[in-house]
Amino acid sequence: MNNSPAFAAPLADLSVLRATGADAAEFLHGQLTQDITGLPPGQARLAGYCTPKGRLLGTLVIWRDPANPADFVALVKADIAEALAKRLSMFILRTKAKLAVEPLAVWGVQFQAGETLAGSLAPPAGAAPWSVVHTDQGTWVSAPRADTGLQRWWLVTGQEISAQDDGQASELQAAWQAADIAAGLPWTQAATQDVFIPQTLNLDLIEGVNFTKGCYPGQEVVARSHYRGTIKRRMAYGVADSAESAESLAGSDIFDAARPESPSGRVVNAAAHDGRTHLLLEVHLADLGTAEYRLGSVDGPHIGIQPLPYSIDTAEAG
């Protein structure tokens, strides 16, 4: 994936949420795992939205609108966007805030240092992940990456951009998704709602949870797991030698060939790219380094565990 040529991919799997109103910051602060009131302009953050039992209903990349810092804009998976906006809106009550899904396009723009992009796209100069820059073309958000020599940007725009044919667009979206997976960036989608707590998806390791910000739905469960050191499962990155469709893999089981009696974990996200299936996996910490993971069944494709760009403390397993 490090040798992927420069490309711009329409990301049909992502939607844009907007929160407006005088109380938008305070409302979101009381609902999400992230410190929203303290979110500085020009910076995006990962955040989670949980049930009262601490299980994720959504993960969001969120930032202040550069054109109106009182508004907040977030990227979420398209298959949960409307339901997420509706559920959050149920708790607004008398708060001066409003949430809606915006009809904006999301593009993934990727290139190595020194590469140029075809067409008129003009990404900002190199910036650290999670930086937000607004230009005439739209809002650019620097995405995390496994390769430090790679530039990856989400572009949120209302402008028309020349697109590839449908087949190529699908391939490029999968390439972008595979790069998200290699970066260890988890996305909650419909198949995995109400399944994982934030720590299972490593949100605490990539600054997606603030443990000092105060209450939000599920905060007691999330904090208890953190302070008592009871995290037994984490998210790992794996690659399977399989080029089959990855669209239906989220939430499916994985197995350890040495212990075939029951599943050993679940798929969080999947993308088929370069003849392989890239996977984020929920696994038992104690099994990492010893399990022989298989996709879908004990006889399924072998899953080779790959390094993430951040550390996981296997000592948490006890």
Out of segment 14-34, which residues are of a type in the set (D, E, K, R) and buried (at least 17 other Cβ atoms within 10 Å of the Cβ)?
18, 23
Is it the case that residue 241 is of a type in the set (D, E, K, R), over 21 Å from residue 87 (Cβ atoms) and modelled with pLDDT of 95 or more?
no
Among residues belonging to segment 45-69 that are part of a strand (DSSP E or B) and modelled with pLDDT under 95, point out the one that is surrounded by the fewest Cβ atoms within 10 Å (Cβ to Cβ).
68
Of the residues that make up segment 183-201, is at least one farther than 24 Å from residue 308 by Cβ and either among the hydroxyl-bearing types (Ser, Thr, Tyr) or in contact with a His (Cβ under 6 Å, 6 or more places away or on another chain) (or both)?
no
Determine if segment 181-204 includes at least one residue that is of a type in the set (Val, Ile, Thr) and modelled with pLDDT under 95.
no
In segment 162-218, which residues are on the phi > 0 side of the Ramachandran plot and surrounded by 21 or more Cβ atoms within 10 Å (Cβ to Cβ)?
184, 202, 218
Can you find, within segment 47-92, the residue that is farthest from residue 36 (Cα to Cα) among those that are in contact (Cβ under 8 Å) with a residue 60 or more places away in the chain and among the polar types (S, T, N, Q)?
51
Return the only residue of 74, 85, 127 being out of contact with any Asp or Glu (no Cβ under 8 Å at 6 or more places or on another chain) and modelled with pLDDT under 95.
127
Which one of the conditions (1) in contact with a Phe, Trp or Tyr (Cβ under 8 Å, 6 or more places away or on another chain); (2) surrounded by fewer than 20 Cβ atoms within 10 Å (Cβ to Cβ) does residue 125 fail to meet, given that it meets all the rest?
(1)
Just a yes or no: is a residue in segment 138-158 without any contact (Cβ under 8 Å) to a residue 12 or more places away in the chain, surrounded by fewer than 18 Cβ atoms within 10 Å (Cβ to Cβ) and not polar (S, T, N, Q)?
no
Which residue, of 305, 254, 231, is farther than 14 Å from residue 181 by Cα, at pLDDT 95 or above and not aromatic (Phe, Trp, Tyr)?
254
Please list, ordered by first then second residue, the pairs with beta carbon atoms under 8 Å, 6 or more apart or interchain, first in segment 163-175 and over 9 Å from residue 7 (Cβ atoms), second in a helix (DSSP H, G or I) and modelled with pLDDT of 60 or more.
163/169
Name the strands (runs of 3 or more DSSP E) wholly inside segment 99-194 in which the number of residues that are of a type outside the set (A, V, I, L, M, F, W, C) is 3 or more.
105-112, 138-142, 150-157
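The values are calculated or read from the model by the stated rules, or taken from the named source; none is laboratory data. Treat the numbers as computed from the prediction; the structure is a model and nothing was measured. Cβ atoms come from the backbone with ideal geometry, glycine included; neighbour counts cover every protein chain shown.
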